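Step one of this worksheet: look at the structure below.
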Amino acid sequence: MTNILIAADSFKGSATSQEIGNYIQTGIQRLAPNVSTTILPVADGGEGTLASLLKQGGTLETATVTGPLGKSVTENYGRLDNKTAIIEVAQVLGLPLVGPIKKPFQATSFGLGELIKLVLKQDVQRIYIALGGSAINDAGLGMLQALGGHFTDKYGQEVGPGLTGLQQLAQIDLSQLDPRLQQITITGLSDVTNPLTGKNGATFVYGRQKGLTREQLPQCDQLVANFAKLASRATNTQKQAIPGAGAAGGLGFALLTFTHATLRSGAQEILRLLDFKTAASTADLVITGEGRMDGQSQNGKLPLIVSQIAKEFQKPVIAIVGSRAFDLKQPTTIDLIISTVIEPQSLEKTIAQTKSLVTLAGENAWRAFNLK
C-alpha cells in the first residue's frame, strides 16, 4: 500500500499545520480512499511549535503573565516530560496580543521572563524557547528584568519597558539575576539567522512588522546596539554577531549573553524531536509546504529541511504552498511546487478559501505522483 507522509508548516493567518495536513489528506483520499496517509504537524520555531511537539506527547499547561503591552494574559506552555519545558514566544509575546495599533516603544518581553521563572520553580533541566512570531524589539530587556537583572538610567532608577527603556539605559547590574539560569540547558529555536544589529539585524529586517516606521529604524537599531555594548561589558562576551542573535527582536542575543543558551535551527531541532527521519524513511511520497515560498525559503525554512531529509532516502517531495515568488529558484530537493492560488483574487478571499484550495492541491499532488 502507498504510504504518504504529510509534513507541512502552517499557512500563517490561514490554517495550522494540522489543518493544512487534514486538507491535503482529504484531497488525496477523494481520489485514492485506500491510500495510507500520515499527518505530522511540524513547525520551525514560530507559531505552532508548541502544538507540534505536544502532539507526540507531553502536557499542556497555562500561566498568567504580563503581555507585550503590560496587560495580563493567560497563555499556554508545555511540558514534554518531567524535566523538559517548551515555551512558545508567540503565545506570550505574539503580534496578535498587540492588536492593530502597535506600540513598539512600549512592547516588552517581561512576560517571557515571568514564564521562565515559573518554569524554573518546577525543577526542569531543559527549556526549549521557540523564538518566532514576537511583537517586541527590546533585545530581551524586559525578560531579564523579570529574572532579577537591574537595568538603570543615569540616575540609578530602573528603566521602563521596551525601546523606551533602552533609550534610558545607562548601567547593567546582574548581581541579582536568577542563578538557576546558569544551571539548566536553554535552547532557543529559531527560523532566522539574523545578527542583532545592522542592515540585516533584528530592527532593520523585522522592525516594520512590529510597528516601527522606516524613519525610526536607524535610531532604534542604535538603541539595541548600545544595549549590546553595555551587555558585552557586563558579561565580558561578544554575542551580537552570532547568527540568530536577532531572533525575536533580539531575544536570541539576550539568551546567548545572559544564560548558557544555545541557538538551533527550529526546523531541524523540531524534526529531530519528532523523529521525522524514521517517518520519511518508510514513506513513498513526502508532501510539505508553507504559506509562501520565496527566496527566504532556501535559508533553512522548514519545507527545505523536510525535503533535504526526505532526499536522504531518495523519496519524491511535493511542496504545496499558498503562493510562490515568480523568481523563485526551485530547490533541487523539491520535485514539484503546487501553488494553491489558481486565479486572480484578493488575499482576503484566498484566506477564506484555504480549505477548498489546499484540498484541491492535495488532489493535484496525488495526480502528479501517479504520473511517474
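The values are calculated or read from the model by the stated rules, or taken from the named source; none is laboratory data. Nothing here was measured: the structure is a model prediction, and the numbers come from that model. Because the Cβ atoms are built from the backbone with ideal geometry, glycine has one as well, and the counts that use them run over all protein chains shown. Note: areas computed on protein heavy atoms with side chains; ligands, DNA, RNA excluded. Shrake-Rupley method; radii C 1.70, N 1.55, O 1.52, S 1.80 Å.
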Worksheet entry | Qualifying positions in segment 306-337 - buried (at least 21 other Cβ atoms within 10 Å of the Cβ) and touching a strand residue (DSSP E or B) at 6+ places or on another chain (Cβ under 7 Å) | VAL306, SER307, ALA310, VAL317, ILE318, ALA319, ILE320, VAL321, GLY322, ILE334
Worksheet, complete the sentence: Checked pairs for segment 214-225, first closer than 11 Å to LEU196 by Cα, second part of a helix (DSSP H, G or I) and of a type in the set (Gly, Ala, Ser), C-beta under 9 Å and 6 or more apart or across chains, list as ASP221/ALA202; VAL224/ALA202; VAL224/GLY249; VAL224/GLY250
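Quick check on my filter: what residues within segment 56-74 are in contact (Cβ under 8 Å) with a residue 40 or more places away in the chain, open to solvent by 20 Å² or more (accessible area, probe 1.4 Å) and not small (Gly, Ala, Ser)?
Passing the criteria: GLN56, THR66.
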Worksheet, complete the sentence: Considering only strands (runs of 3 or more DSSP E) wholly within segment 1-113, the ones with at least 3 residues that are under 14 Å from the mean Cα position of the chain (by Cα) are 84-88
Worksheet item: Where residues in segment 14-59 are in contact with a Ser or Thr (Cβ under 8 Å, 6 or more places away or on another chain) and of a type in the set (Val, Ile, Thr), which of them is farthest from VAL286 (Cα to Cα)?
Response: THR16
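Quick test for you: out of THR237, THR187, pick the one residue that is over 16 Å from LEU144 (Cα atoms) and buried (at least 16 other Cβ atoms within 10 Å of the Cβ).
Being over 16 Å from LEU144 (Cα atoms) and buried (at least 16 other Cβ atoms within 10 Å of the Cβ) holds for just one of THR237, THR187, which is THR187.
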Item to complete: Sort out which residues of segment 312-335 are outside any loop (DSSP other than H, G, I, E, B), at pLDDT below 95 and over 17 Å from PHE11 (Cα atoms), and write them in order of number.
Response: none
Item to complete: Starting from segment 163-183, keep only residues that are under 20 Å from THR203 (Cβ atoms) and polar (S, T, N, Q), then list their pairs with residues that are assigned to a helix (DSSP H, G or I) and open to solvent by less than 80 Å² (accessible area, probe 1.4 Å) whose Cβ atoms are within a distance under 7 Å, requiring at least 6 positions of separation or different chains.
Response: GLN167/LEU223
Fill in: The listed residue being out of contact with any Gly (no Cβ under 7 Å at 6 or more places or on another chain), under 27 Å from LEU263 (Cα atoms) and β-branched (Val, Ile, Thr), out of THR333, THR282
THR333
Worksheet item: When you look at LEU263, is it open to solvent by less than 60 Å² (accessible area, probe 1.4 Å) and assigned to a strand (DSSP E or B), yes or no?
Response: yes
Worksheet entry | Complete set of residues in segment 326-337 that are out of contact with any Pro (no Cβ under 6 Å at 6 or more places or on another chain) and within 18 Å of GLN308 (Cα to Cα) | LEU328, LYS329, GLN330, PRO331, THR332, THR333, ILE334, LEU336, ILE337
Worksheet, complete the sentence: Being in a helix (DSSP H, G or I) and more than 24 Å from VAL98 (Cα to Cα) narrows LEU223, LEU181, LEU251 down to just LEU181
Worksheet item: Take the residues of segment 342-359 that are of a type in the set (A, V, I, L, M, F, W, C) and open to solvent by 60 Å² or more (accessible area, probe 1.4 Å): which is farthest from ILE24 (Cα to Cα)?
Response: LEU347
